[in-house]
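A short write-up of the structure that comes next.
The values are calculated or read from the model by the stated rules, or taken from the named source; none is laboratory data. Remember, predicted model here, so these are calculated numbers, not experimental data. Please note: Cβ atoms are built from the backbone with ideal geometry, for glycine as well, and neighbour counts cover all protein chains shown. Note: areas computed on protein heavy atoms with side chains; ligands, DNA, RNA excluded. Shrake-Rupley method; radii C 1.70, N 1.55, O 1.52, S 1.80 Å.
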Amino acid sequence: MKALHNQLHQQSIEQPDVFWADAAAALDWDKPFDKVLDDRQAPMYRWFSGGEINTCYNAVDRHVEAGRGEQVAIQYVSPITDTAYGITYAELQAQVSRLAGYMASQGVSKGDRVIIYMPMIPETAYAMLACARLGAIHSVVFGGFAANELATRINDAKPKMILSASCGIEPSGVVAYKPLLDDALGQATHHVEQCLILNRHQLHADLVDGRDVDWQAAMVDAPYVGCQPVAATDPLYVLYTSGTTGQPKGVVRDNGGHAVALAWSMKNIYDINGGDVFWAASDVGWVVGHSFIVYGPLLVGATTLLFEGKPVGTPDPGIFWRTIAQYQVKSFFTAPTAIRAIKRDDPDGDFIKDVDLSCLQTVFLAGERCDPDTLHWAEQKLNKPIIDHWWQTETGWPVAANMMGTAPVPVKAGSPALAVPGYDVQVVDEMGECVAANQTGNVVIKLPLPPGTLATLWQNEARYKESYLSMYPGFYLTGDAGYMDEEGYLYIMSRIDDIINVAGHRLSTGRFEEVLCQHEAVAEAAVIGVDDKLKGQVPLGLVVLKKGCTLSDERLHKELTALVREQIGPVAAFRLVSAVPKLPKTRSGKILRGTMRKIADNQTFNMPATIEDPYTLELVRNVLTRMGYADAHV
């Protein structure tokens, strides 16, 4: 199948107009496009210029009109609240149409921005689709985000309306959203005309007269409205990603290219067609939630599973597997960090043994580099293909993946396989020259990027060009470091900033972590580069041990340093390693290596806005202090 993959990839690069026009035929267009790839303002490329489309119509209404209104569109499962129910495509159409009707009655129209600050409940998907129905631009902010972070997004997006809920529910308990929203609105300089608030029965929120409206009451007399055609190049949404300056970057996704790319990827990469059940275990606040909880599955008429819970603790490490079996999930997508959490709490896979997973065909992993040990553990315990794939908030859909629906290729542990059609991925040195096979360099993508990727940054084209296009003219800078082998398999080893320079030798943190995770006692690992007077930098490892492990610190240190010396060599200068109870991560599962590095080197840092558990930084600081690095008083 590698020959077929290469054939498709070659056509997408050499004949992008033909390739993507064929993909676009899978959707319904209000007006045909004049030009597939519009390069008249390169490097600001546009896709499907002149065309008009509505994303909500393609995700909802056309399936109802095709006679599939009684099929479940969204299967909601909340082990946290012990709630589960299905929403058919006909019910989804009614809910979305009425919510859009209310928003339109309040003056929300094409091009207006709407911020959505909500938990993992069906109404959040309704809100996104209602905006798409009107041609309004939604910006989903992760529910429970700090007030100051929400305020910066309000000031940047300048929304006409905010849709929110009284609370989210975590394993630790109820998280009140309304006080955070009130605080953010107090801090923001932009005035928001109205907030539509969904009161969940777990917590009632007080409404502000003249500004806040009760969601359920608003829906009683709300009119139904149809879909508003918009230009294919018009924005569908703005999704903010953390910027290095502290000012968030608003990634802009268009309507036409986005719908084409997601519909194509659902079938060709994830092997999902109409009527299949797909589950992306993420959150609508992240790009995975946008692409593969809401839009992707619905665009192809699949059933998408919307899950309010965690891989462990709600109530146990078997919840994912029981949910897959109960709802007949065909393709499952989660983060490697979720698998590592399950592996840590259930190392022998006892919670998997009695579950019938015959419905499950493929498990996809993305969001954080998947070390080979985690991949092999999942392969052995689940007896299913485990497919690592790589993409970014900016790209919106996979850059490198195993195309399980069209042209599957052999799995190589540690690699997300081959560049997906549409992406001309290259590995270059600091001068922009392609490096040899198996040599680490900066991963870049030759322009133009394919449909569905970021069109620009919200109202900041200059920053878009500076952040992504300026270092290597004609190429998009991914910010990741890695290499390609002789067969074209890509290996993403770390962020460019996470390359450690040990006495002139460039070593990736990902390679160290890969080796550490091979130890039978290690559930997950993080490696950072810390300052060293002699070598410039040296690697320092922190590992989380599997549940029930009683290995002594001395033996752990001895075995891990020997393992690294054996597999990477003495050039690694690896002598610093210790166990830590928990690693600091973002809510989406990314390890906060940069913050840990600053703590170790006694540099000032801001508390990351996306951190899941701030206390983990103190746990890390205590361990680093014992190792002679972080000053406990800084």
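Quick look at the values:
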read-out	value
Filter result for the condition that a residue is crowded, with 18+ Cβ neighbours inside 10 Å and modelled with pLDDT of 95 or more, over Q95, Q106	Q95
Within segment 90-128, tally of residues that are in a helix (DSSP H, G or I) and more than 25 Å from the chain's Cα centre (by Cα)	14
Qualifying residues in segment 407-418 (those that are open to solvent by less than 40 Å² (accessible area, probe 1.4 Å) and more than 13 Å from L4 (Cα to Cα)) - the one nearest to the chain's Cα centre (by Cα)	P416
Cβ pairs under 6 Å, 6+ apart, first in segment 544-562 and surrounded by 11 or more Cβ atoms within 10 Å (Cβ to Cβ), second aromatic (F, W, Y)	T561/F574
Set V238, V213: member being in contact (Cβ under 8 Å) with a residue 60 or more places away in the chain, of a type outside the set (S, T, Y) and more than 16 Å from S109 (Cβ to Cβ)	V238
Residue identified as in contact with a Phe, Trp or Tyr (Cβ under 7 Å, 6 or more places away or on another chain) and open to solvent by 10 Å² or more (accessible area, probe 1.4 Å) among G173, G186, G144	G144
Considering residues of segment 335-386 that are at pLDDT 95 or above and hydroxyl-bearing (S, T, Y) only, the residue farthest from the chain's Cα centre (by Cα)	S358
Single condition K381 does not satisfy, out of (1) out of contact with any Lys or Arg (no Cβ under 7 Å at 6 or more places or on another chain); (2) outside any helix (DSSP H, G or I); (3) not aliphatic (A, V, I, L, M)	(2)
Condition broken by P448, with the remaining ones in (1) touching a strand residue (DSSP E or B) at 6+ places or on another chain (Cβ under 7 Å); (2) touching a residue at least 12 places away in the same chain (Cβ under 8 Å); (3) over 19 Å from L8 (Cα atoms) satisfied	(3)
Unmet criterion (only one of (1) open to solvent by less than 10 Å² (accessible area, probe 1.4 Å); (2) over 23 Å from P416 (Cβ atoms)) for S291	(2)
Filter pass, Y483 being hydroxyl-bearing (S, T, Y), modelled with pLDDT of 95 or more and either assigned to a loop (DSSP other than H, G, I, E, B) or surrounded by fewer than 22 Cβ atoms within 10 Å (Cβ to Cβ) (or both)	yes
Condition check for G452: closer than 13 Å to M44 by Cα, of a type outside the set (K, R) and modelled with pLDDT of 95 or more	no
Flag if V252 is in contact with a Gly (Cβ under 7 Å, 6 or more places away or on another chain), part of a strand (DSSP E or B) and open to solvent by less than 20 Å² (accessible area, probe 1.4 Å)	no
Every pair of residues 6+ apart whose Cβ atoms lie under 8 Å, when the first sits in segment 525-537 and is free of Cβ contacts under 8 Å to residues at least 40 places away in the same chain while the second is open to solvent by 40 Å² or more (accessible area, probe 1.4 Å) and of a type in the set (S, T, N, Q)	G536/N501; Q537/N501
Any pair with Cβ under 8 angstrom, 6 or more apart, that starts in segment 582-602 at a residue that is closer than 26 Å to H290 by Cα and ends at one that is of a type in the set (G, A, S) and open to solvent by 30 Å² or more (accessible area, probe 1.4 Å)	S588/S282; S588/G367; G589/G367; K590/G367
Y76 being free of Cβ contacts under 8 Å to residues at least 12 places away in the same chain, part of a strand (DSSP E or B) and closer than 15 Å to E123 by Cβ	no
Residue within segment 156-171 that is among the polar types (S, T, N, Q) and outside any loop (DSSP other than H, G, I, E, B) present	yes
Considering residues of segment 576-634 that are among the aromatic types (F, W, Y) and within 23 Å of I499 (Cβ to Cβ) only, the residue surrounded by the most Cβ atoms within 10 Å (Cβ to Cβ)	Y629
Members of segment 330-351 found to be more than 21 Å from G289 (Cα to Cα), open to solvent by 10 Å² or more (accessible area, probe 1.4 Å) and among the charged types (D, E, K, R), listed by number	R344, D345, D348, D350
